[in-house]
Amino acid sequence: MPEMTFTVRWPDGAVREYYSPSLVMHDHLESGADYTVTELRDRATTALGEAAERVRAKFGFACTSAAASAADITSTADGYDDDATVTVITMYPPLPQTTSSSASSHPPESP
């Protein structure tokens, strides 16, 4: 299961890095995008919940790191106005860039 980190700039300029055990974060957040504190908290905790469930489905146990990231984001968000702006600085690794033309023009590699 590919894991990732994402880096956030909070309204006061503080920069924090968070961990996810899944690339599902890309379905909820976008690198370089601005969100309100409420929106970031909601999107990130939803995504981290999905990531934790993927770990549970695959390995049979919860991901405590995803829960810790969600708790940290929630407690940090509680220190700011709900409408203040948060920026997602980076998401690593980024999603692979694929295009339909490149996918169809290159045959799969042999082992």
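Data for the structure
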{"item": "17 Å cut-off, amide nitrogen to a point 7 angstrom out along residue 68 Cα→Cβ, residues in segment 1-37", "result": "3-7, 16-22"}
{"item": "Taking the chain and dividing mean pair separation by its residue count, relative contact order in percent (alpha carbons under 8 Å, at least six apart)", "result": "36 percent"}
{"item": "Environment charge of residue 77, counting only residues whose C-beta is closer than 14 Å and scoring Lys/Arg +1, Asp/Glu -1", "result": "-4"}
{"item": "Over the chain: Rg over Rh, Cα atoms, Kirkwood Rh", "result": "1.07"}
{"item": "With Cα atoms, 0 to 90° folded angle of helix 64-77 axis to the chain main axis", "result": "40 degrees"}
{"item": "Carbon/sulfur fraction of accessible area - segment 1-79, other protein chains in place, 1.4 Å, %", "result": "49 percent"}
{"item": "Highest average packing first - 13-24, 38-49, Cβ atoms within 10 Å", "result": "38-49, 13-24"}
{"item": "Degrees between helix 37-59 axis and first principal axis of the chain (Cα, 0 to 90, nearest 10)", "result": "50 degrees"}
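The values are calculated or read from the model by the stated rules, or taken from the named source; none is laboratory data. A quick note: this is a predicted structure, and the numbers were derived from the prediction, not measured. As a convention, Cβ positions derive from the backbone with ideal geometry for all residues, glycine included, and neighbour counts pool all protein chains shown. Just the protein is used for accessible areas: all its heavy atoms, side chains included, with ligands, DNA and RNA removed. Shrake-Rupley method; radii C 1.70, N 1.55, O 1.52, S 1.80 Å.
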